[in-house]
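Below: one structure, written as structure tokens.
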Amino acid sequence: MDELRVRTGGTGEPNIVLLHGLGATSEVWDGVTERLTGSWIAPDLPGHGGSRRLAEYTFDRLADALAPCVPPDPVLVGHSLGGVLALALAARVRARSVLAIGVKVVWAQEELDRAAAMAARPGKLFATREEAAERYLKVAGLTGPDAPDAGLVREPGGWGLALDNRAFGVGAPDMRALLDGAGCPVVLAAGAEDPMCRPEQLRALDPEAVVLPGLGHNAHAEDPAAVAELISR
């Protein structure tokens, strides 16, 4: 846990673990956590924010790095990459349940090639914090007046993102294997307007998947109350 930046709050049951998506930090859950009942824990994923970088990024390596901070009998909630990791962790920590939001379940080879190219590029350096903050918000898929301090780093030549670009190369998840191996109830969800995770794609994988009306890929940031209510259910 010394190698992860972890934020906590709340009291009592259930123990809710919140896992952000690629490029973000744990602050993206702030609108959700203020509405939750129970204790919660929100780490920065390895290679993000204040957490250490990994020598290599795979779903297994990321899940192994996160496992020590997960409390007993957790409810695992993840967005996008975090949703994949919630499923991967469920097989390791005997979770109570999993809610995976906005997980991209269909990947074209062109998309994988583009992600690999991004992973091979060094992080860009910006002249000002404002420029770096704008880039953070774009990469994290968020809107807002500013980026959290944890998402940015001051370099000798300017400002950059705390994100390790190599994390873009994590690849496509084997969703069927992850679902089969979770060992607990799993709810898949996506915004009805999510361009990365189309509802019809999600329901082809799980006919019971939840579609959140009017929301896009970042449902937890667009409508924190709706996501908090889904977690409570």
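Some notes on this structure:
- Neighbours of Glu229 by Cβ distance under 12 Å: Lys/Arg scored +1, Asp/Glu scored -1, total +1.
- Heavy-atom accessible area ranking, 1.4 Å probe, most first, across Met118, Met196, Met175: Met196, Met118, Met175
- Probe 1.4 Å - accessible area at Arg7, Å² to nearest ten: 60 Å²
- Distant alpha-carbon pairs in the stretch 135-205 (separation over 13 angstrom), percent: 77 percent
- For Ile16, the residues whose amide H sits under 5 Å from its own are Ser39, Trp40, Ile41, Val75, ignoring neighbours fewer than 5 places away on the same chain, with H placed 1.01 Å from N.
- Where the chain is the region considered: accessible area per residue in Å², 1.4 Å probe: 46 Å²
- Counting only DSSP beta bridges whose two residues both lie in the chain, roughly 30 percent are antiparallel.
- Theoretical ellipticity at 222 nm over the chain - DSSP helices of four or more residues, -39500 (n - 2.57) apiece, nearest 500: -9000 deg cm²/dmol
- Among (i) 1.06; (ii) 0.97; (iii) 0.94, the entry that matches Rg/Rh (Cα atoms, Kirkwood Rh) as calculated here: (iii)
- Length gained on full extension, Arg121 to Asp73, computed as 0.36 nm times the residue gap minus the Cα-Cα distance: 13.4 nm.
- Ordering Ser80, Ser232 by accessible surface, largest first, gives Ser232, Ser80; the 1.4 Å probe counts only protein heavy atoms, with every chain in place.
- Longest exposed-site-free window of the chain, the sites being GluC sites (Glu not before Pro) in a DSSP loop that have at most 16 other C-beta atoms within 10 Å: 57-192
- Expressed in units of 2.2 N^0.38 Å, where N is the residue count, the Cα radius of gyration of the stretch 41-165 is 1.14.
- For the chain, size of Cβ-based charge dipole, Lys and Arg +1, Asp and Glu -1, in debye: 360 debye
- For the stretch 74-140 versus the stretch 1-73, the inter-centroid distance based on Cα atoms is 13 Å.
- Projecting the Cα atoms of Val103, Phe168, Ala119 onto the charge dipole of the stretch 84-183, computed from C-beta unit charges around the Cα centre, puts Val103 farthest toward the positive end.
- Rounded to 5, percent antiparallel among DSSP beta bridges of the stretch 1-124: 25 percent
- Helix 81-93 and the long axis of the chain differ in direction by around 60°, with both axes built from C-alpha atoms.
- If you sort Leu45, Leu112 by accessible surface, 1.4 Å probe, largest first, the order is Leu112, Leu45.
- Carbon plus sulfur fraction of accessible area for the chain, probe 1.4 Å, in percent: 50 percent
- Contour excess over end-to-end distance, with Cα ends at Ala172 and Glu208 and 0.36 nm allotted per residue: 10.7 nm
- Under the Karplus curve 6.51 cos²θ - 1.76 cosθ + 1.60, θ = phi - 60°, whole-Hz ³J(HN,Hα) for the stretch 99-109, x wherever Gly or Pro sits: 10, 10, 10, x, 6, 6, 9, 10, 10, 8, 4
- Highest-MSF residue in the chain out of Val170, Val139, Val211 [GNM, Cα springs under 10 Å]: Val139
The values are calculated or read from the model by the stated rules, or taken from the named source; none is laboratory data. Every value quoted in this text rests on a predicted model; they were computed, and no experiment measured them. Positions of Cβ are backbone-derived with ideal geometry, glycine not excepted, and every protein chain shown enters the neighbour counts. Note: areas computed on protein heavy atoms with side chains; ligands, DNA, RNA excluded. Shrake-Rupley method; radii C 1.70, N 1.55, O 1.52, S 1.80 Å.
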